[in-house]
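Remarks on the structure that follows.
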Amino acid sequence: MKKTGLIILCLLFIVACKEEKKNIVQSDCVLIGEVHDRVDDSIVLIKFPDDMRINYTKIPIVDGKFEHSFKSEAPQAYTLIFNGDYNNGGGMIFNFFSERDTVRIDIYSEDHSKTNVDGGVVNQEMSKYNAQVQDKFESRKSKYYAINDSLINENKYWSVRASEIFEELQKKGVDKRSLYKELESLRENGRGDLSDVAKGFNQELEKINDENTEFKYEYLENNYSILSYYHLLSDLKYDNNNVLSNEKLNSYSNKFSEKHPNHPYNNMLSKEIEALINMKPGGDFLDFEAEDAEGNLVKASEKIKGKYAVLNLWASWCGPCVEHSIELKPVYEKFKDKGFTVLSVAREDDNTNAMNKMIERFKFPWFNLIDLDGQYDVWNTYGISNAGGAIFFYDDKGKVILVNPEIKEIEEQLSVLLENK
(Lines give C-alpha, C1' and ligand atoms only; values in the text may rest on other atoms or scores of the structure.)
Protein backbone atom coordinates (compact mmCIF):
# COMPACT_ATOMS: atom_id res chain seq x y z
CA MET A 1 0.00 0.00 0.00
CA LYS A 2 1.46 3.34 -0.95
CA LYS A 3 0.53 6.97 -0.55
CA THR A 4 2.51 8.31 -3.49
CA GLY A 5 -0.55 9.78 -5.06
CA LEU A 6 -2.24 6.40 -4.91
CA ILE A 7 -4.08 4.54 -2.22
CA ILE A 8 -6.19 1.43 -2.00
CA LEU A 9 -9.77 2.53 -1.85
CA CYS A 10 -13.28 1.44 -1.41
CA LEU A 11 -14.81 4.77 -1.80
CA LEU A 12 -13.65 8.14 -2.46
CA PHE A 13 -11.84 11.40 -1.95
CA ILE A 14 -8.74 13.48 -2.55
CA VAL A 15 -6.70 16.62 -3.00
CA ALA A 16 -6.33 20.05 -4.49
CA CYS A 17 -4.84 23.09 -5.79
CA LYS A 18 -2.80 26.14 -6.52
CA GLU A 19 -1.18 28.99 -4.64
CA GLU A 20 -2.82 30.47 -1.54
CA LYS A 21 -4.36 33.87 -2.16
CA LYS A 22 -6.47 36.12 0.00
CA ASN A 23 -9.09 36.49 -2.68
CA ILE A 24 -10.17 33.18 -4.14
CA VAL A 25 -10.57 33.16 -7.92
CA GLN A 26 -11.49 30.51 -10.45
CA SER A 27 -8.70 29.51 -12.80
CA ASP A 28 -8.05 26.72 -15.27
CA CYS A 29 -6.19 23.60 -14.27
CA VAL A 30 -4.96 21.49 -17.19
CA LEU A 31 -4.54 17.82 -16.32
CA ILE A 32 -2.38 15.74 -18.68
CA GLY A 33 -1.92 12.04 -17.98
CA GLU A 34 -0.39 8.91 -19.43
CA VAL A 35 -1.19 5.32 -18.44
CA HIS A 36 1.74 2.93 -18.87
CA ASP A 37 0.54 -0.52 -17.81
CA ARG A 38 -3.24 -0.63 -17.84
CA VAL A 39 -5.89 -0.67 -20.57
CA ASP A 40 -9.16 1.17 -19.91
CA ASP A 41 -11.46 3.38 -21.95
CA SER A 42 -11.59 6.22 -19.43
CA ILE A 43 -10.53 7.50 -16.04
CA VAL A 44 -12.86 9.07 -13.48
CA LEU A 45 -12.12 12.43 -11.82
CA ILE A 46 -13.60 13.06 -8.35
CA LYS A 47 -13.23 16.19 -6.26
CA PHE A 48 -12.72 15.79 -2.51
CA PRO A 49 -15.02 15.31 -0.65
CA ASP A 50 -17.72 14.74 -3.29
CA ASP A 51 -19.64 11.48 -3.25
CA MET A 52 -18.17 9.46 -6.10
CA ARG A 53 -21.58 7.92 -6.79
CA ILE A 54 -23.07 11.31 -7.63
CA ASN A 55 -20.44 13.88 -8.62
CA TYR A 56 -17.73 12.76 -11.03
CA THR A 57 -16.30 13.40 -14.50
CA LYS A 58 -15.27 10.65 -16.92
CA ILE A 59 -12.20 11.50 -19.01
CA PRO A 60 -11.56 9.39 -22.15
CA ILE A 61 -8.24 7.56 -22.43
CA VAL A 62 -6.98 7.47 -26.03
CA ASP A 63 -3.82 5.51 -26.88
CA GLY A 64 -2.94 5.47 -23.20
CA LYS A 65 -3.23 9.24 -22.78
CA PHE A 66 -5.83 11.62 -21.38
CA GLU A 67 -6.26 15.36 -20.97
CA HIS A 68 -8.83 17.49 -19.18
CA SER A 69 -9.23 21.17 -18.29
CA PHE A 70 -11.40 22.36 -15.43
CA LYS A 71 -12.01 25.37 -13.23
CA SER A 72 -10.31 25.21 -9.86
CA GLU A 73 -11.56 27.26 -6.92
CA ALA A 74 -8.44 27.59 -4.75
CA PRO A 75 -6.26 24.60 -3.81
CA GLN A 76 -8.46 21.52 -3.38
CA ALA A 77 -8.04 17.76 -3.58
CA TYR A 78 -8.87 15.46 -6.48
CA THR A 79 -8.76 11.72 -7.15
CA LEU A 80 -8.46 9.64 -10.30
CA ILE A 81 -9.74 6.07 -10.55
CA PHE A 82 -9.91 3.83 -13.59
CA ASN A 83 -13.43 3.50 -15.02
CA GLY A 84 -13.34 -0.29 -14.70
CA ASP A 85 -12.51 -0.05 -11.00
CA TYR A 86 -15.10 2.70 -10.54
CA ASN A 87 -17.81 0.48 -12.04
CA ASN A 88 -16.77 -2.37 -9.74
CA GLY A 89 -17.08 -0.16 -6.66
CA GLY A 90 -13.43 0.52 -5.87
CA GLY A 91 -9.80 -0.07 -6.68
CA MET A 92 -6.56 1.88 -6.87
CA ILE A 93 -6.84 5.65 -6.72
CA PHE A 94 -4.38 8.31 -7.82
CA ASN A 95 -4.29 11.61 -5.96
CA PHE A 96 -3.20 15.05 -7.08
CA PHE A 97 -3.63 18.74 -6.33
CA SER A 98 -5.06 20.89 -9.08
CA GLU A 99 -2.65 23.69 -9.76
CA ARG A 100 -3.15 26.94 -11.66
CA ASP A 101 -1.56 25.72 -14.87
CA THR A 102 -0.60 22.18 -15.94
CA VAL A 103 -0.45 19.06 -13.82
CA ARG A 104 1.14 15.98 -15.39
CA ILE A 105 0.61 12.49 -14.01
CA ASP A 106 2.29 9.29 -15.18
CA ILE A 107 0.32 6.30 -13.90
CA TYR A 108 1.77 2.86 -13.26
CA SER A 109 -0.89 0.66 -11.69
CA GLU A 110 1.38 -2.41 -11.39
CA ASP A 111 4.43 -0.70 -9.93
CA HIS A 112 3.07 2.17 -7.86
CA SER A 113 6.50 3.51 -7.02
CA LYS A 114 6.86 4.69 -10.61
CA THR A 115 3.72 6.84 -10.57
CA ASN A 116 4.64 10.49 -10.65
CA VAL A 117 2.71 13.77 -10.27
CA ASP A 118 4.44 16.87 -11.54
CA GLY A 119 3.30 20.50 -11.54
CA GLY A 120 2.81 23.00 -8.77
CA VAL A 121 3.89 23.66 -5.22
CA VAL A 122 1.27 21.48 -3.54
CA ASN A 123 2.00 18.42 -5.65
CA GLN A 124 5.68 18.85 -4.91
CA GLU A 125 4.94 18.95 -1.18
CA MET A 126 2.70 15.87 -1.50
CA SER A 127 5.45 13.92 -3.29
CA LYS A 128 8.00 14.74 -0.59
CA TYR A 129 5.57 13.90 2.21
CA ASN A 130 4.54 10.60 0.58
CA ALA A 131 8.19 9.63 0.13
CA GLN A 132 8.71 10.04 3.87
CA VAL A 133 5.59 8.02 4.67
CA GLN A 134 6.70 5.28 2.29
CA ASP A 135 10.15 5.12 3.85
CA LYS A 136 8.99 5.24 7.48
CA PHE A 137 5.77 3.24 7.42
CA GLU A 138 4.46 1.79 4.15
CA SER A 139 7.50 -0.40 3.55
CA ARG A 140 6.95 -1.94 7.01
CA LYS A 141 3.21 -2.35 6.47
CA SER A 142 3.65 -4.25 3.20
CA LYS A 143 4.78 -7.36 5.11
CA TYR A 144 1.51 -7.50 7.04
CA TYR A 145 -0.62 -6.72 4.00
CA ALA A 146 0.88 -9.76 2.29
CA ILE A 147 0.19 -11.95 5.34
CA ASN A 148 -3.42 -10.73 5.52
CA ASP A 149 -3.93 -11.43 1.81
CA SER A 150 -2.64 -14.95 2.35
CA LEU A 151 -4.97 -15.52 5.33
CA ILE A 152 -7.94 -14.26 3.34
CA ASN A 153 -7.14 -16.57 0.43
CA GLU A 154 -6.92 -19.50 2.87
CA ASN A 155 -10.20 -18.50 4.61
CA LYS A 156 -8.31 -17.99 7.87
CA TYR A 157 -8.68 -14.21 8.24
CA TRP A 158 -12.22 -13.76 9.63
CA SER A 159 -13.60 -15.20 12.87
CA VAL A 160 -16.25 -17.92 12.68
CA ARG A 161 -19.08 -15.51 13.49
CA ALA A 162 -17.86 -12.85 11.05
CA SER A 163 -17.72 -15.48 8.28
CA GLU A 164 -21.29 -16.52 9.13
CA ILE A 165 -22.43 -12.89 8.94
CA PHE A 166 -20.84 -12.43 5.51
CA GLU A 167 -22.68 -15.53 4.29
CA GLU A 168 -26.00 -14.30 5.70
CA LEU A 169 -25.54 -10.94 4.02
CA GLN A 170 -25.61 -12.69 0.65
CA LYS A 171 -29.13 -13.99 1.29
CA LYS A 172 -32.30 -12.18 0.28
CA GLY A 173 -34.74 -10.88 2.84
CA VAL A 174 -32.31 -10.73 5.78
CA ASP A 175 -32.05 -7.77 8.16
CA LYS A 176 -28.79 -6.38 6.79
CA ARG A 177 -28.78 -3.39 9.12
CA SER A 178 -28.73 -5.67 12.19
CA LEU A 179 -26.03 -7.86 10.66
CA TYR A 180 -23.81 -4.88 9.88
CA LYS A 181 -24.32 -3.59 13.42
CA GLU A 182 -23.31 -6.98 14.82
CA LEU A 183 -20.22 -6.98 12.59
CA GLU A 184 -19.34 -3.49 13.81
CA SER A 185 -19.84 -4.59 17.40
CA LEU A 186 -17.50 -7.54 16.87
CA ARG A 187 -14.89 -5.22 15.42
CA GLU A 188 -15.13 -2.75 18.29
CA ASN A 189 -14.90 -5.45 20.95
CA GLY A 190 -11.33 -6.66 20.71
CA ARG A 191 -11.49 -7.24 16.94
CA GLY A 192 -13.87 -10.14 17.38
CA ASP A 193 -14.37 -10.07 13.61
CA LEU A 194 -10.87 -11.52 13.12
CA SER A 195 -9.46 -14.99 13.67
CA ASP A 196 -6.91 -15.39 16.47
CA VAL A 197 -4.01 -15.61 14.03
CA ALA A 198 -5.17 -12.52 12.12
CA LYS A 199 -5.53 -10.55 15.36
CA GLY A 200 -1.85 -10.91 16.15
CA PHE A 201 -0.68 -9.62 12.79
CA ASN A 202 -3.22 -6.78 12.82
CA GLN A 203 -2.05 -5.63 16.25
CA GLU A 204 1.41 -5.12 14.77
CA LEU A 205 -0.10 -3.34 11.78
CA GLU A 206 -2.11 -1.04 14.04
CA LYS A 207 1.03 -0.08 15.94
CA ILE A 208 2.58 1.10 12.68
CA ASN A 209 -0.65 2.93 11.77
CA ASP A 210 -0.55 4.71 15.13
CA GLU A 211 3.03 5.81 14.45
CA ASN A 212 1.94 6.99 11.00
CA THR A 213 -0.90 9.05 12.49
CA GLU A 214 1.42 10.60 15.06
CA PHE A 215 3.84 11.55 12.29
CA LYS A 216 1.00 13.06 10.24
CA TYR A 217 -0.12 15.36 13.03
CA GLU A 218 3.42 16.35 13.94
CA TYR A 219 3.80 17.36 10.31
CA LEU A 220 0.52 19.28 10.46
CA GLU A 221 1.59 21.19 13.57
CA ASN A 222 4.62 22.44 11.63
CA ASN A 223 2.97 22.86 8.23
CA TYR A 224 -0.48 24.46 8.05
CA SER A 225 -0.48 23.86 4.33
CA ILE A 226 -3.26 22.79 1.98
CA LEU A 227 -1.84 19.26 2.07
CA SER A 228 -2.17 19.19 5.87
CA TYR A 229 -5.62 20.74 5.62
CA TYR A 230 -6.68 17.93 3.33
CA HIS A 231 -5.22 15.30 5.68
CA LEU A 232 -7.20 16.73 8.60
CA LEU A 233 -10.49 16.91 6.70
CA SER A 234 -9.99 13.45 5.24
CA ASP A 235 -9.46 11.99 8.71
CA LEU A 236 -12.56 13.70 10.07
CA LYS A 237 -14.71 12.46 7.19
CA TYR A 238 -13.43 8.91 6.82
CA ASP A 239 -11.62 7.84 10.00
CA ASN A 240 -14.12 6.55 12.57
CA ASN A 241 -11.32 6.32 15.14
CA ASN A 242 -10.69 10.07 15.20
CA VAL A 243 -9.93 11.11 18.79
CA LEU A 244 -9.13 14.82 18.37
CA SER A 245 -10.72 16.96 21.07
CA ASN A 246 -13.10 19.81 20.25
CA GLU A 247 -10.52 22.21 21.68
CA LYS A 248 -7.81 20.87 19.36
CA LEU A 249 -10.14 20.94 16.34
CA ASN A 250 -11.13 24.54 17.02
CA SER A 251 -7.47 25.45 17.35
CA TYR A 252 -6.74 23.86 13.98
CA SER A 253 -9.74 25.61 12.46
CA ASN A 254 -8.52 29.01 13.62
CA LYS A 255 -4.97 28.47 12.36
CA PHE A 256 -5.97 27.08 8.96
CA SER A 257 -8.58 29.77 8.31
CA GLU A 258 -6.09 32.46 9.29
CA LYS A 259 -3.50 31.12 6.85
CA HIS A 260 -6.01 30.33 4.08
CA PRO A 261 -8.78 32.94 4.31
CA ASN A 262 -11.85 32.40 2.10
CA HIS A 263 -10.77 28.85 1.27
CA PRO A 264 -13.68 26.37 0.74
CA TYR A 265 -12.08 24.00 3.26
CA ASN A 266 -12.80 26.52 6.04
CA ASN A 267 -16.53 25.99 5.74
CA MET A 268 -16.05 22.22 5.45
CA LEU A 269 -14.06 22.08 8.68
CA SER A 270 -16.60 24.21 10.54
CA LYS A 271 -19.38 21.85 9.47
CA GLU A 272 -17.38 18.77 10.42
CA ILE A 273 -16.71 20.15 13.90
CA GLU A 274 -20.36 21.12 14.38
CA ALA A 275 -21.49 17.66 13.26
CA LEU A 276 -19.04 15.92 15.61
CA ILE A 277 -20.35 17.98 18.51
CA ASN A 278 -24.04 17.52 17.76
CA MET A 279 -24.47 14.14 16.05
CA LYS A 280 -24.71 12.25 19.34
CA PRO A 281 -27.29 11.97 22.13
CA GLY A 282 -27.89 15.40 23.65
CA GLY A 283 -26.71 17.26 20.55
CA ASP A 284 -28.71 19.98 18.85
CA PHE A 285 -30.73 19.78 15.65
CA LEU A 286 -28.63 21.32 12.87
CA ASP A 287 -31.01 23.45 10.85
CA PHE A 288 -30.91 23.73 7.07
CA GLU A 289 -33.01 24.68 4.08
CA ALA A 290 -33.93 22.53 1.08
CA GLU A 291 -36.62 22.44 -1.59
CA ASP A 292 -39.98 20.73 -1.44
CA ALA A 293 -41.60 18.97 -4.41
CA GLU A 294 -42.83 22.30 -5.81
CA GLY A 295 -39.40 23.92 -5.62
CA ASN A 296 -40.18 26.05 -2.56
CA LEU A 297 -37.35 26.60 -0.11
CA VAL A 298 -38.31 25.15 3.29
CA LYS A 299 -36.60 25.59 6.66
CA ALA A 300 -36.31 22.14 8.21
CA SER A 301 -36.77 23.22 11.83
CA GLU A 302 -40.22 24.61 11.03
CA LYS A 303 -41.38 21.12 10.08
CA ILE A 304 -40.40 19.43 13.34
CA LYS A 305 -40.82 22.27 15.86
CA GLY A 306 -42.33 21.13 19.16
CA LYS A 307 -42.57 17.45 18.14
CA TYR A 308 -40.65 14.27 18.62
CA ALA A 309 -39.20 13.72 15.19
CA VAL A 310 -37.17 11.49 12.93
CA LEU A 311 -34.91 13.16 10.39
CA ASN A 312 -34.69 10.57 7.63
CA LEU A 313 -31.86 11.25 5.17
CA TRP A 314 -32.23 8.89 2.24
CA ALA A 315 -31.83 8.33 -1.51
CA SER A 316 -33.84 6.33 -4.02
CA TRP A 317 -30.70 4.37 -4.99
CA CYS A 318 -29.86 3.48 -1.36
CA GLY A 319 -31.49 0.10 -0.72
CA PRO A 320 -31.08 0.11 3.09
CA CYS A 321 -32.47 3.67 3.24
CA VAL A 322 -35.63 2.60 1.41
CA GLU A 323 -35.99 -0.46 3.64
CA HIS A 324 -35.76 1.70 6.78
CA SER A 325 -38.35 4.11 5.38
CA ILE A 326 -40.72 1.20 4.77
CA GLU A 327 -40.18 0.00 8.36
CA LEU A 328 -40.82 3.53 9.62
CA LYS A 329 -44.29 3.80 8.05
CA PRO A 330 -46.28 1.91 10.73
CA VAL A 331 -44.43 3.80 13.49
CA TYR A 332 -45.38 7.09 11.86
CA GLU A 333 -49.02 6.06 11.51
CA LYS A 334 -49.13 4.90 15.12
CA PHE A 335 -47.76 8.11 16.66
CA LYS A 336 -48.40 10.89 14.13
CA ASP A 337 -51.39 12.21 16.10
CA LYS A 338 -49.56 12.08 19.42
CA GLY A 339 -46.79 14.62 18.81
CA PHE A 340 -44.49 12.70 16.47
CA THR A 341 -43.46 13.42 12.89
CA VAL A 342 -40.99 12.38 10.21
CA LEU A 343 -39.07 14.75 7.96
CA SER A 344 -37.36 13.09 5.01
CA VAL A 345 -34.66 14.57 2.80
CA ALA A 346 -33.69 12.80 -0.42
CA ARG A 347 -30.32 13.34 -2.04
CA GLU A 348 -30.81 12.60 -5.73
CA ASP A 349 -28.64 12.81 -8.82
CA ASP A 350 -29.68 14.93 -11.85
CA ASN A 351 -33.45 14.65 -11.34
CA THR A 352 -36.14 13.46 -8.94
CA ASN A 353 -37.80 10.86 -11.19
CA ALA A 354 -36.56 7.82 -9.26
CA MET A 355 -37.40 9.47 -5.94
CA ASN A 356 -40.96 10.29 -7.05
CA LYS A 357 -41.50 6.71 -8.23
CA MET A 358 -40.22 5.36 -4.90
CA ILE A 359 -42.47 7.67 -2.88
CA GLU A 360 -45.47 6.71 -5.00
CA ARG A 361 -44.68 3.00 -4.92
CA PHE A 362 -44.34 2.76 -1.14
CA LYS A 363 -46.76 5.58 -0.26
CA PHE A 364 -44.40 7.36 2.10
CA PRO A 365 -46.83 9.65 3.94
CA TRP A 366 -44.54 12.25 5.51
CA PHE A 367 -43.10 15.54 4.27
CA ASN A 368 -40.14 15.16 1.93
CA LEU A 369 -37.46 17.67 0.97
CA ILE A 370 -34.93 17.35 -1.85
CA ASP A 371 -31.18 17.99 -1.87
CA LEU A 372 -30.67 17.58 -5.61
CA ASP A 373 -27.00 16.97 -6.47
CA GLY A 374 -26.15 17.96 -2.90
CA GLN A 375 -26.77 21.65 -3.64
CA TYR A 376 -27.97 22.37 -0.08
CA ASP A 377 -25.07 20.49 1.52
CA VAL A 378 -27.31 18.60 3.96
CA TRP A 379 -25.13 15.48 4.03
CA ASN A 380 -22.00 17.49 4.86
CA THR A 381 -23.93 19.39 7.53
CA TYR A 382 -24.63 16.07 9.23
CA GLY A 383 -21.12 14.70 8.73
CA ILE A 384 -22.19 11.82 6.47
CA SER A 385 -20.88 13.10 3.13
CA ASN A 386 -20.36 9.67 1.54
CA ALA A 387 -23.16 7.72 3.18
CA GLY A 388 -26.34 6.85 1.34
CA GLY A 389 -28.35 8.18 4.26
CA ALA A 390 -28.85 8.26 8.03
CA ILE A 391 -31.57 8.45 10.68
CA PHE A 392 -31.65 10.84 13.63
CA PHE A 393 -34.32 10.77 16.37
CA TYR A 394 -35.01 14.04 18.22
CA ASP A 395 -37.05 15.03 21.23
CA ASP A 396 -39.63 17.82 21.17
CA LYS A 397 -36.95 20.39 22.04
CA GLY A 398 -34.68 19.50 19.13
CA LYS A 399 -32.18 17.41 21.11
CA VAL A 400 -30.76 14.18 19.72
CA ILE A 401 -32.09 11.02 21.38
CA LEU A 402 -30.71 8.36 19.04
CA VAL A 403 -28.35 8.28 16.04
CA ASN A 404 -28.94 5.64 13.36
CA PRO A 405 -31.16 3.50 15.58
CA GLU A 406 -33.14 0.43 14.61
CA ILE A 407 -36.72 1.45 13.81
CA LYS A 408 -37.94 -0.76 16.64
CA GLU A 409 -35.80 1.31 19.05
CA ILE A 410 -37.63 4.46 17.95
CA GLU A 411 -40.98 2.73 18.46
CA GLU A 412 -39.97 1.56 21.93
CA GLN A 413 -38.89 5.08 22.92
CA LEU A 414 -42.08 6.65 21.55
CA SER A 415 -44.23 4.12 23.41
CA VAL A 416 -42.75 5.40 26.68
CA LEU A 417 -42.50 9.09 25.79
CA LEU A 418 -45.99 9.41 24.31
CA GLU A 419 -47.88 6.69 26.17
CA ASN A 420 -50.34 9.12 27.79
CA LYS A 421 -51.08 11.11 24.64
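The values are calculated or read from the model by the stated rules, or taken from the named source; none is laboratory data. Predicted, not measured: the structure shown is a model, and the values here were computed from it. Note that each Cβ is placed from the backbone with ideal geometry, even for glycine, and that neighbours are counted across all protein chains shown.
List of remarks:
- Within the option set 385, 325, being among the hydroxyl-bearing types (Ser, Thr, Tyr), more than 20 Å from the chain's Cα centre (by Cα) and surrounded by 20 or more Cβ atoms within 10 Å (Cβ to Cβ) holds for one residue only, 325.
- Where residue 82 falls short, out of the listed (1) among the hydrophobic types (A, V, I, L, M, F, W, C); (2) under 30 Å from residue 224 (Cβ atoms); (3) crowded, with 19+ Cβ neighbours inside 10 Å: (2)
- Residue match in the stretch 85-100 (condition: among the aliphatic types (A, V, I, L, M), under 30 Å from residue 50 (Cβ atoms) and touching a helix residue (DSSP H, G or I) at 6+ places or on another chain (Cβ under 9 Å)): yes
- Residue 191 falls short on exactly one of the conditions (1) assigned to a loop (DSSP other than H, G, I, E, B); (2) of a type outside the set (Gly, Ala, Ser); (3) surrounded by 16 or more Cβ atoms within 10 Å (Cβ to Cβ); (4) in contact with a Ser or Thr (Cβ under 7 Å, 6 or more places away or on another chain), and that condition is (4).
- Any hit, the stretch 352-375, residues being under 24 Å from residue 277 (Cα atoms), in the same structural domain as residue 303 (by TED's automatic domain parsing) and in a helix (DSSP H, G or I): yes
- Tallying residues that are crowded, with 16+ Cβ neighbours inside 10 Å and either touching a residue at least 40 places away in the same chain (Cβ under 8 Å) or polar (S, T, N, Q) (or both) within the stretch 149-176 yields 4.
- Some residue of the stretch 110-121 being in contact with a helix residue (DSSP H, G or I) (Cβ under 7 Å, 6 or more places away or on another chain), not assigned by TED's automatic domain parsing to the domain that holds residue 225 and not β-branched (Val, Ile, Thr): no
- Flag for residue 200 being at positive phi and free of Cβ contacts under 8 Å to residues at least 60 places away in the same chain: no
- When residues of the stretch 66-108 are limited to those that are in a loop (DSSP other than H, G, I, E, B) and under 15 Å from residue 39 (Cα atoms), the one modelled with the highest pLDDT: 108
- Failed item in (1) farther than 21 Å from residue 213 by Cβ; (2) part of a helix (DSSP H, G or I), with residue 136 passing the rest: (1)
- Residue in the stretch 251-261 that is farthest from residue 77 (Cα to Cα), counting only those that are surrounded by fewer than 14 Cβ atoms within 10 Å (Cβ to Cβ) and not charged (D, E, K, R): 251
- Taken residue by residue, the stretch 300-311 has no member that is farther than 25 Å from residue 397 by Cβ and either in a strand (DSSP E or B) or within 28 Å of the chain's Cα centre (by Cα) (or both).
- Among the candidates 242, 250, the residue that is under 23 Å from the mean Cα position of the chain (by Cα), assigned to a loop (DSSP other than H, G, I, E, B), assigned by TED's automatic domain parsing to the domain that holds residue 184 and not β-branched (Val, Ile, Thr) is uniquely 242.
- Whenever a residue of the stretch 216-237 is assigned by TED's automatic domain parsing to the domain that holds residue 274, its partners that are in a helix (DSSP H, G or I) and among the charged types (D, E, K, R), lying with C-beta atoms within less than 7 angstrom and at least six residues away or across chains, give the pairs 224/255; 224/259; 225/125; 227/125; 231/216; 233/272; 236/272; 237/272.
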